[in-house]
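Visitor: Structure provided below as structure tokens; questions to follow.
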Amino acid sequence: MNETFRWWQRGIIYQIYPRSFMDRNGDGIGDLPGIISKLGYLQWLGIDAIWISPIFPSPMADFGYDVADYTDIHPLFGTLADFERLVAEAHRRQLTVILDYVPNHTSDQHPWFSESRSSRDNPKRHWYIWRDAAPGGGPPNNWISVFGGSAWEWDAATRQYYYHAYLKEQPDLNWRHPAVQTAMLDVLRFWLDRGVDGFRIDALRQLIKDDRFRDNPPNPAYRADQGPYHTLLPLYTTDRPEVLDMVARMRHLVDQYDARLLIGELYLPIDRLVTYYGVGGSGVHLPFNFHLILVPWQARQIAALIETYEAALPAEAWPNWVLGNHDQHRLTSRVGLAQARVAAMLLLTLRGTPTLYYGDEIGMRDVAIPPELVQDPWEKNVPGLGLGRDPERTPMQWDSRPNASFTTGIPWLPLAADYPVVNVAVQHDDPTSMLTLYRRLIELRREAPALAVGSYAPIEASGDLLAYIRSHADQRWLVALNLGPQPQRFDARRVEIQGRIVLSTHLDRAGEVVRQTITLRGDEGIIITLG
Ligand code: NOJ
């Protein structure tokens, strides 16, 4: 394959939610030795990089996204020595390792915050965002926490409020303070020096807040089912122009190392999202593109999305696509099992780096969590709206044995009831399973440079059909997807189509010769090699 492409352009990223992947010490929570024990599986699956959600010491108010020490490993997950072994073992298998970097906020148990809150004249006071009460009393302004309620917490001892974009246990760092920038860049350096290949930067759009602390305006399009955070437009709390200056500093540091990657978690409209590539390579390499998760699952809407995204990309920018993560309901629950196959084919044949979420490769679904077992603070704060994220974080389903062999203890979240039939072992050698489909798609993407790094050209299609050609050198591949349940005839009027089916989402049509007109079954996608 053309060597001018970087590993993260050619490759596929697989997200591991470490609490739920594999538990080796029987405490019901996944750990690093568990991940190490499954590297063989990941290599067999064919992915290139693992991104691991936070594994640092943390009181776990937000399951690791409340970091109490950025440069160590939580004993629940193992030790620094385990982590070093994980990196070495992964690299031995040609897998790269991406860590979660949580710069926007620390835990309220982080020593920096303990110092900061200890007195108004502590040297670390301004490492966080402290404000006086409003003139008549109460919070300084109307800013709301993502997880519900005011984003300001009163500190009785020092008689000021501190700002927290998420839980009150997650105070926001003040990135306008040079010492915070230095300390947080040192965190990146610490892990880069230990061979980490990249970072997924958490909550990047929140990093800098308005320096005048202006009220956010009301959201005219608010719907009650979105939860309280959406009552306001986060104009003064997110996507501030200065965020890019901070990203430039991170990028400058990372560029001093060889071939490392920065990914930004950015829930933003496309025109804003693409600004995070930065000018002249000063932004993140990949601003996570979540629009396939957010768009209604209809062919015309998806076609328009791809077109808008491709058109918005700055020169030199490399695209990327995501179908699931630990904050979003499972793909299979959103679009159904049949369309989840079509979605997999879409994700793995689009131009741009794909990110998979653990368990999607076997069609794991959201698991309904009984109220007494709810873990996620968001569900506890804003119950009943379906905002809770436990359903998509349940343990990986490895086989049909007790607890799917995820743990010998009591799992921290319940397993899906259907794990005895939906699991890796059952699907491993089944020629038509979801897992086999993923494996074939990944294999094809690895074998065919056109599918990984080739150009993208849409083909005119109507109704539930979506079609495009990927080309590289003299290779041309046609992808035709039926996003509806009814059979469809695809007639590429303006393009000459002659070729052979290499893969169907049903895994039963390889070798079939096609000429101009193709009939797709309901919920079927096919990949055709042309010429
Ligand atoms: C985004 C993370 O993905 C989510 O899980 C977390 O709760 C928030 N950021 C806060 O860190």
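Visitor: Within the set of pairs 6 or more residues apart or between chains, which connect a residue that is loosely packed, with under 15 Cβ neighbours inside 10 Å inside the range 183-203 to a residue that is part of a loop (DSSP other than H, G, I, E, B) with Cβ atoms less than 6 Å apart?
Guide: Between residues of the range 183-203 that are loosely packed, with under 15 Cβ neighbours inside 10 Å and residues that are part of a loop (DSSP other than H, G, I, E, B), the close pairs are F190/T71.
Visitor: Right, something else. Which of the residues belonging to the range 336-375 are under 23 Å from L413 (Cα atoms), touching a Gly at 6+ places or on another chain (Cβ under 8 Å) and open to solvent by 40 Å² or more (accessible area, probe 1.4 Å)?
Guide: L337
Visitor: I'd like the full set of residues that are within 15 Å of the ligand (Cβ to nearest atom) and within 17 Å of L232 (Cα to Cα), limited to the range 150-170.
Guide: If the condition is that a residue be within 15 Å of the ligand (Cβ to nearest atom) and within 17 Å of L232 (Cα to Cα), then A151, Y163, H164, A165, Y166 are the ones that fit.
Visitor: Please verify whether the range 121-130 includes one or more residues that are farther than 21 Å from P59 by Cβ, among the basic types (K, R), outside any helix (DSSP H, G or I) and at pLDDT 95 or above.
Guide: Looking through the range 121-130, none of the residues is farther than 21 Å from P59 by Cβ, among the basic types (K, R), outside any helix (DSSP H, G or I) and at pLDDT 95 or above.
Visitor: Hey, does the range 208-217 have a residue that's touching a residue at least 60 places away in the same chain (Cβ under 8 Å) and under 30 Å from A90 (Cβ atoms)?
Guide: The answer is no, given that none of the residues of the range 208-217 is touching a residue at least 60 places away in the same chain (Cβ under 8 Å) and under 30 Å from A90 (Cβ atoms).
Visitor: If you don't mind, there's one more thing I want to ask. Test E115 against the criterion of being free of Cβ contacts under 8 Å to residues at least 24 places away in the same chain, within 16 Å of the ligand (Cβ to nearest atom) and open to solvent by 30 Å² or more (accessible area, probe 1.4 Å), and give yes or no.
Guide: no
Okay, residues lined up against (1) crowded, with 21+ Cβ neighbours inside 10 Å; (2) within 19 Å of L520 (Cβ to Cβ); (3) of a type outside the set (S, T, N, Q):
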site	(1), (2), (3)
A417	no, no, yes
V426	no, no, yes
T436	no, no, no
R446	no, no, yes
S455	no, no, no
P458	no, yes, yes
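Visitor: Cβ-Cβ below 9 Å, separation at least six or inter-chain, first residue in the range 251-276 and charged (D, E, K, R) and open to solvent by 60 Å² or more (accessible area, probe 1.4 Å), second away from the ligand (no atom under 16 Å from the Cβ) and not in a helix (DSSP H, G or I): which pairs?
Guide: Listed pairs, sorted by first residue: D255/G281.
Visitor: Something else: Could you go through the range 3-12 and let me know if any residue there is open to solvent by less than 10 Å² (accessible area, probe 1.4 Å), under 21 Å from I263 (Cβ atoms) and at pLDDT 95 or above.
Guide: Yes: the range 3-12 contains one or more residues that are open to solvent by less than 10 Å² (accessible area, probe 1.4 Å), under 21 Å from I263 (Cβ atoms) and at pLDDT 95 or above.
Visitor: Continuing with the same structure: If I go through the range 469-508 residue by residue, how many of them are more than 22 Å from Q339 (Cα to Cα), over 33 Å from the mean Cα position of the chain (by Cα) and touching a residue at least 24 places away in the same chain (Cβ under 8 Å)?
Guide: 9
Visitor: Run H74 past the list (1) under 21 Å from the mean Cα position of the chain (by Cα); (2) crowded, with 22+ Cβ neighbours inside 10 Å and report the number of the one that doesn't hold.
Guide: (1)
The values are calculated or read from the model by the stated rules, or taken from the named source; none is laboratory data. Not measured: the values here are computed from a predicted model. Ideal geometry is used to build each Cβ from the backbone, glycine not excepted, and the neighbour counts take in all protein chains shown. Remember, those area values only see protein heavy atoms, side chains included, never the ligands or the DNA or RNA. Shrake-Rupley method; radii C 1.70, N 1.55, O 1.52, S 1.80 Å.
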